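The values are calculated or read from the model by the stated rules, or taken from the named source; none is laboratory data. Nothing here was measured: the structure is a model prediction, and the numbers come from that model. Here Cβ is always computed from backbone atoms with ideal geometry, including for glycine, and neighbour counts include all displayed protein chains. When the accessible area is computed, the model is the full protein with side chains, heavy atoms only, and any ligands, DNA or RNA have been set aside. Shrake-Rupley method; radii C 1.70, N 1.55, O 1.52, S 1.80 Å.
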Amino acid sequence: MGFSKDFVWGCATASYQVEGGYLDDGKGLNVWDICSHVPGFVRDGNNGDVTCDQYHKFKEDVKLMKEIGLKSYRFSVNWARVLPTGDVKDGINEAGLQYYSDLVDELLANGIEPYLTVFHWDYPNELFKRGGWLNPESPKWFENYTKVLVDRLSDRVTHWMTLNEPQCFVNLGHDTGVHAPGLKLPMVYLMEIYRNVLLAHGHACITIRKYTKKPCEIGFAPVAGVDIPYTDSKEDIEAAKFSMFAIDSPDMLWKNSIWMDPIVLGKFPEGAKEYAGECWPNFTDEDLKIIHQPLDFFGMNSYQGNTVKHREDGKPGFEVLKREDGYDHTAIRWPITPKILYWGPVLFYERYKLPILVTENGMSNYDLVSEDGCVHDPQRIEFLKRYLREFKKASDVVPLKGYTQWSFMDNFEWAEGYNERFGIVYTDYVTGNRILKDSAKFYAEVIKTNGENL
């Protein structure tokens, strides 16, 4: 069938990863500003103080987006740039809010639709010192912050995402401690954070719907973990579903269903309360009503997956197949598994009945500037071809809204610093120069032909 005429081709970034300007114009500090300055927290001692400097160079970047032909740009707002302490009671930073207003205007003037993510990991430091996501007031803080954005931007922004990858900022930031704020908390506290994050999402959705100045679409962008059935047999497909959705271990805060079921289906997955035991939060019926808000699309942040098959003993569950020797992988050592962009949409749509928007997909590559001044990245082009062909196949059975390439440009890759290049635009972190990679030119053709050149 192919991609629909209204299919949206885009790219994505996140505020802390590209903006820089970390002390500019009244901005407050966030947990990444703090933790990235702690020796040893980020590889090579890197931080996001300047990174791509999009705060000062957004017009240059939007010009490149237009050259590529992007239909959308997914960006996030730095909470502490708009509310320096994170709390609206302490005042709005007009200069920070104006930056996002100007960015939105520039995008629209160039025919690019803004897709705004309210939170992509850069939690205000002052709110963290008040307990952060553990504080029962945190959903209210998030609601008030969201309203500031809606009041100022919803006359032009019509596509919203509440949270990016709660699995990561909860688990990596508060369990393993490898991401900001660098905590290693026991399960009982993680589950309280889980409750507050879900409520924050729900309150944000309610706020956007109530106060938006234009009709809008709302979703969120979780880690959408995908497992690929070994064969098309019913048994292997059921094994993939079990792997993706069943709560089968106490390490459940990484599972798809623990987040998506209450948000989309209005109920918790079977086994969740049992595995959490005494750590299960005190969810009320009213909590679930708040969390379970209507969404317009299912955001898929997906990069890699496992291949699974049914258990030979006939019991429920799955076996993960060993990867082949010398399997294809990216520079960050993630396996290349294109079929996730077929099976992910198929299985998520079957369970949640929401149109699919790929909100992140891409690869880290060993990119460098060649003697001719260009950046040749044939591996990324091959990656795009393989993944997008599978996504195109999914269009035969699933409503697809769009594809968002991660990332528009090379940027600060969290704990890995500047050691991973995910962009289709090369960033020279010394000079600030940008160079369209060969993959950007290829992607431009994909967009121009609406995927007919794949």
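Can you work out the accessible area per residue across the stretch 336-454, with the rest of the protein chains kept in place, probe 1.4 Å, in square angstrom? It would help to have the intermediate numbers written out before the result.
On the way: 4310 Å² over 119 residues.
In whole numbers, the stretch 336-454 has 36 Å² accessible per residue.
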Inset, instruction - Please report how far the C-alpha centroid of the stretch 169-186 lies from that of the stretch 1-21, rounded to the nearest whole angstrom. - result: 27
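With only Lys, Arg, Asp and Glu charged, each at its Cβ (+1 for the first two, -1 for the last two), find how big the charge dipole of the chain is about the Cα centre; round to the nearest 20 debye. Each step should come with its number before you reach the end.
Details: 50 positive and 66 negative charges, 203 e Å.
That gives a dipole near 980 debye.
Using a 1.4 Å probe on the protein heavy atoms, what percent of the accessible area of the chain belongs to carbon and sulfur?
Numbers: 8990 of 17730 Å².
Looking at the chain in its full context, I get 51 percent from C and S.
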Inset, instruction - Between beta-carbons, use under 10 Å as the cut-off and find the net charge around Lys27, counting Lys and Arg +1, Asp and Glu -1. - result: -3
Legend entry - Cα centre as origin, Lys/Arg/Asp/Glu Cβ charges: the stretch 264-364 dipole, Debye: 240
Legend entry - Computed [θ] at 222 nm, helices only, for the chain once each DSSP H run of length n ≥ 4 contributes -39500 (n - 2.57): -11000 deg cm²/dmol
Legend entry - 1.4 Å probe accessible area per residue over the stretch 18-61, in Å²: 43
Legend entry - Simple spin-label estimate for Ser249 and Asn419 in nanometres, 7 Å along Cα-Cβ: 2.4
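Report the calculated FRET efficiency for Ile332 and Asp232 (r = Cβ-Cβ distance, R0 = 41 Å), to the nearest 0.05.
Working: r = 30 Å, r/R0 = 0.74.
In this case the efficiency is close to 0.85.
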Legend entry - Span from the the stretch 200-249 Cα centroid across to the the stretch 313-384 one, whole angstrom: 18
Legend entry - Antiparallel DSSP beta bridges within the stretch 21-171, as percent of all bridges there, nearest 5: 10
Inset, instruction - Quote the relative contact order of the chain in percent (integer), defining contacts as alpha-carbon pairs under 8 Å separated by 6+ residues. - result: 18
Legend entry - FRET efficiency for Asp44 and Asp151, using Cβ-Cβ distance with R0 set to 56 Å, rounded to 0.05: 0.90
Legend entry - DSSP-defined antiparallel bridges as percent of all bridges, the chain, nearest 5: 20
Inset, instruction - State the antiparallel share, in %, of DSSP beta bridges confined to the stretch 336-454, rounding to the nearest 5. - result: 45
Inset, instruction - Determine the distance separating the Cα centre of the stretch 144-167 from the Cα centre of the stretch 57-101; give it in Å without decimals. - result: 11
Inset, instruction - Treating only the Cβ atoms of Lys and Arg (+1) and Asp and Glu (-1) as charged, compute the dipole magnitude of the stretch 87-194 about its Cα centre; round to the nearest 20 debye. - result: 360
Legend entry - 19 Å cut-off, amide nitrogen to a point 7 angstrom out along Lys184 Cα→Cβ, residues in the stretch 28-50: 35-36, 38-43
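Return the FRET efficiency for the residue pair Glu382, Lys140: r is the Cβ-Cβ distance, R0 is 56 Å, and the value is rounded to the nearest 0.05.
Approximately 0.75, to the nearest 0.05.
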Legend entry - Cα lying deepest toward the dipole's positive end in the stretch 1-91, options Gly91, Gly40, Phe58, charges on Cβ: Phe58
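Where in the chain lies the longest segment free of chymotrypsin sites (Phe, Trp or Tyr not before Pro) that are both loop residues by DSSP (not H, G, I, E, B) and have at most 14 other Cβ atoms within 10 Å? Display every interim value, and only then the final one.
On the way: sites that count: Tyr327, Tyr366.
It runs 1-326.
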